[in-house]
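Enquirer: Shown below is the structure under consideration.
The values are calculated or read from the model by the stated rules, or taken from the named source; none is laboratory data. Because the structure is predicted, anything quoted here is derived from the model rather than measured. Don't worry about glycine lacking a Cβ; one is built from the backbone with ideal geometry, like all the others, and counts go over all protein chains shown. These area figures cover heavy atoms from the full protein model, side chains too; ligands, DNA and RNA do not enter into them. Shrake-Rupley method; radii C 1.70, N 1.55, O 1.52, S 1.80 Å.
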Amino acid sequence: MCGIVGYIGENNAADVLLGGLKRLEYRGYDSAGICMLDGGELHTERSVGKVQDLADKVYQNLPENIIQATRLGVAHTRWATHGEPSEENAHPHLDQSGRVALVHNGIIENYKEIRQRLTAAGHSFKSQTDSEVLAHLIGAYYGENGDFLQAVCGALNQVEGTFGIAALCLDQPDCVVVARRGSPIVVGLGHNETIVASDAAAIIAHTDQVIYLDDDDVALLKRDDVDLRNIHNVPVSRDVARIEWDARAAEKDGYDHFMLKEIFEQADSLCNTFRGRLDVKQGTAILSGLNLTPREMADIQKVLLIACGTSLHAAMLGKYYFEDLADLCTDVEPAAEFRYRNPIVHARDLAVAISQSGETADTLAAVREAMNKGARVTGLCNVVGSTIARETGTGVYLHAGPEIGVASTKAFTSQMMVLMMMALKFGRGRRLSIQKGLEIIKEIERTPELVAKTLELNQHIAGIAKKYHYVRDFFFIGRGYLYPVALEGALKLKEISYIHAEGYHAAELKHGPIALLEPDVPVLALACDVPGKDKLLGNVEECRARKAPVIGIATEDDEEAVSYLDEVIPVPRTSTLLAPLTAVIAAQLFAYHMARFRGCEIDQPRNLAKSVTVE
Ligand code: G6P
């Protein structure tokens, strides 16, 4: 979703804001804008396209002495919700008087009604956005009482929907006001400077001391002070937290793309996910963040795994883990569906919200719905201090490090790892023996080596991608533990290469989609040597009988599988539990190289955003 940056300090605001926007660009990249205050004037620039287009415009249009003198400003990178990507619709938006500038992430649901009211009072609008309406509303309150903080509070009390905002006012050259409801805002406390952003990636180069705003918090930021209020302008206090990434984690570090870097980080990210969490004496996992006593765990009767997108595919894998290791009945719920139907939830159910960002609007709403229905709710998030992590209050962090590529890779494998460890823990509290628990731990400890071996296939996979990158359609098929990988492999391919790809249970192919197979419609079969392989190879035969070429991700040295396949990606032999890990990494590399050969913008695929904070 959109990215916001705000700055007040002793450095040149243009450089800080544009640098911050570049780090947030993965949140949205259809247009961008900036507004800075200097010498009693607002300097605003907006442009369609990437942050670099905006930066070029700023450095071209603003005289060097002004750029050097700016000490305060707000900036925005947009993923359109209301109004097409255009310069008028790009942020910052100004109020009627031209004194207030606002950047906004989220959706103001009652903006039409407010817009009508303001139009009747003589306001005229330049854009089609809900955000401009909010800028005007703040301006209208400011016109009445001359108190900027009070004006923001007054306006926010009128709006329905979600917002993360940063605003400045021409008459207040020493402050930026920020607020949140449903869209994250992180305030970084630097030395003689305060930098605020939608997420920590834009802040870590400046400071590791941050305050995460809660919903309905408003903050008046000065270069050396933060005055925290709620939207009724009553003081509140929030803890200062420390960001635990190092700034290099948000750099490409020599790789062509963040996605490739993140694929290659997986031996380390998985290690970080399980480090310190394995009990090698009891054959179980140590997940104290779940905050469940053995008795409470034994009392859980059903697990609900709730997520969107790639996290939903991890949830599907989680179902296999919970059912196989913990004998626990498990449902997988697409978050958007869960919140709008009338799900049956009991007090003895454990709802697990899985979200890399911890901000996905549908998942967050589902968390609230499950809480309302009396379930225990826990979160599996990567972003520390994210809304889902904080609202659930309990859970397990992935510790995969910042994921910047829009197509999720390392977060998926860490989600898989956490779900496996959770299932192990629940299993050990139920019927799983200590021996079996210890075997699983040994498997988990082997993952970095398995990942490293799989990554050695990079060039081989690139060679296969080169052969197939021109196709228009692709099918991915799998069974059992490899069925969710078929869905995830197809999702990766369509997200970044724009090839139409469908993931199917291998047995379902013959119930319709097989009609689409032709010589130029290849199939990628997840053919690792795990239970179900024989049946899968039968399905491969069905595809080849329709002359569709079949690429197989298969276990190395599996001669039988090779004899069925046109191309083979030979991944290391693993147990069934870990087969999805090596298979999905091969599928990630395949999608990456397909997109590369097609010349696609891999880290910023069209129409997508990393974190979707609208419904
Ligand atoms: C967006 C992203 C996907 C991601 C999904 C869920 O659609 O483009 O890559 O899987 O949101 O995100 P979450 O942060 O909740 O895991």
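Enquirer: Do you know which of the residues in the range 492-526 that are closer than 11 Å to residue 539 by Cα and among the small types (Gly, Ala, Ser) is modelled with the highest pLDDT?
Expert: Once the filter is applied, the top-ranked residue is 525.
Enquirer: So residue 456 fits all but one of (1) modelled with pLDDT of 95 or more; (2) outside the structural domain of residue 569 (by TED's automatic domain parsing); (3) surrounded by fewer than 16 Cβ atoms within 10 Å (Cβ to Cβ); what number is the exception?
Expert: Tallying (1) modelled with pLDDT of 95 or more; (2) outside the structural domain of residue 569 (by TED's automatic domain parsing); (3) surrounded by fewer than 16 Cβ atoms within 10 Å (Cβ to Cβ), residue 456 fails exactly one: (2).
Enquirer: Additional query: Can you name the number of the only condition in (1) over 30 Å from residue 405 (Cβ atoms); (2) assigned to a helix (DSSP H, G or I); (3) not charged (D, E, K, R) that residue 124 fails?
Expert: Going through the list (1) over 30 Å from residue 405 (Cβ atoms); (2) assigned to a helix (DSSP H, G or I); (3) not charged (D, E, K, R), residue 124 breaks only (2).
Enquirer: Mind listing just one residue for me: the one in the range 1-36 that is over 20 Å from residue 186 (Cα atoms) and surrounded by fewer than 24 Cβ atoms within 10 Å (Cβ to Cβ) and, of those, modelled with the highest pLDDT?
Expert: 12
Enquirer: Still on this structure: Taking the range 368-425 as the region of interest, how many residues are within 16 Å of residue 581 (Cβ to Cβ), under 14 Å from the mean Cα position of the chain (by Cα) and of a type in the set (A, V, I, L, M, F, W, C)?
Expert: So the count comes out to 4.
Enquirer: Related question: Can you tell me which residue in the range 376-399 is nearest to residue 253 (Cα to Cα), limited to those that are more than 11 Å from the ligand (Cβ to nearest atom) and assigned to a loop (DSSP other than H, G, I, E, B)?
Expert: Filtering first and then ranking leaves 399.
Enquirer: State all residues of the range 116-131 that are touching a Gly at 6+ places or on another chain (Cβ under 9 Å) and open to solvent by 90 Å² or more (accessible area, probe 1.4 Å); if no residue qualifies, say none.
Expert: Selection gives 128 alone.
Enquirer: Having 1 or more residues that are among the charged types (D, E, K, R) and without any contact (Cβ under 8 Å) to a residue 40 or more places away in the chain is the bar; report the strands (runs of 3 or more DSSP E) wholly within the range 1-119 that clear it.
Expert: Per the criteria, 31-38, 41-48.
Enquirer: Taking residue 471 as the residue in question, decide whether it is modelled with pLDDT of 95 or more, in a loop (DSSP other than H, G, I, E, B) and either within 16 Å of the ligand (Cβ to nearest atom) or open to solvent by less than 20 Å² (accessible area, probe 1.4 Å) (or both).
Expert: yes
Enquirer: Give me the residue from the range 311-344 that is open to solvent by 20 Å² or more (accessible area, probe 1.4 Å) and of a type in the set (A, V, I, L, M, F, W, C) and, out of that set, nearest to the ligand (Cβ to nearest atom).
Expert: This residue is 312.
Enquirer: Could you list, in sequence order, the residues of the range 370-382 that are out of contact with any helix residue (DSSP H, G or I) (no Cβ under 7 Å at 6 or more places or on another chain) and hydrophobic (A, V, I, L, M, F, W, C)?
Expert: Scanning the range 370-382 gives 370, 371, 375.
Enquirer: Tell me, which residue of the range 195-213 that is in contact with a Lys or Arg (Cβ under 9 Å, 6 or more places away or on another chain) and more than 23 Å from residue 28 (Cβ to Cβ) is least open to solvent (accessible area, probe 1.4 Å)?
Expert: In this case the residue turns out to be 211.
Enquirer: Tell me which residues, restricted to the range 132-149, are of a type in the set (D, E, K, R), surrounded by fewer than 24 Cβ atoms within 10 Å (Cβ to Cβ) and under 37 Å from the mean Cα position of the chain (by Cα).
Expert: 147
For (1) assigned by TED's automatic domain parsing to the domain that holds residue 325; (2) open to solvent by less than 50 Å² (accessible area, probe 1.4 Å); (3) among the aliphatic types (A, V, I, L, M); (4) touching a Phe, Trp or Tyr at 6+ places or on another chain (Cβ under 6 Å), each residue gets a yes or a no:
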position: 512; (1), (2), (3), (4): no, yes, no, no
position: 535; (1), (2), (3), (4): no, no, no, no
position: 544; (1), (2), (3), (4): no, no, no, no
position: 548; (1), (2), (3), (4): no, yes, yes, no
position: 556; (1), (2), (3), (4): no, no, no, no
position: 570; (1), (2), (3), (4): no, yes, no, no
position: 596; (1), (2), (3), (4): no, no, no, no
position: 610; (1), (2), (3), (4): no, yes, no, yes
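Enquirer: In the range 345-368, how many are open to solvent by less than 50 Å² (accessible area, probe 1.4 Å) and either more than 16 Å from the ligand (Cβ to nearest atom) or under 19 Å from residue 322 (Cβ atoms) (or both)?
Expert: 11
Enquirer: Here's something else I'd like to know. Assess whether residue 388 counts as being assigned by TED's automatic domain parsing to the domain that holds residue 435 and crowded, with 21+ Cβ neighbours inside 10 Å.
Expert: The answer is yes for residue 388.
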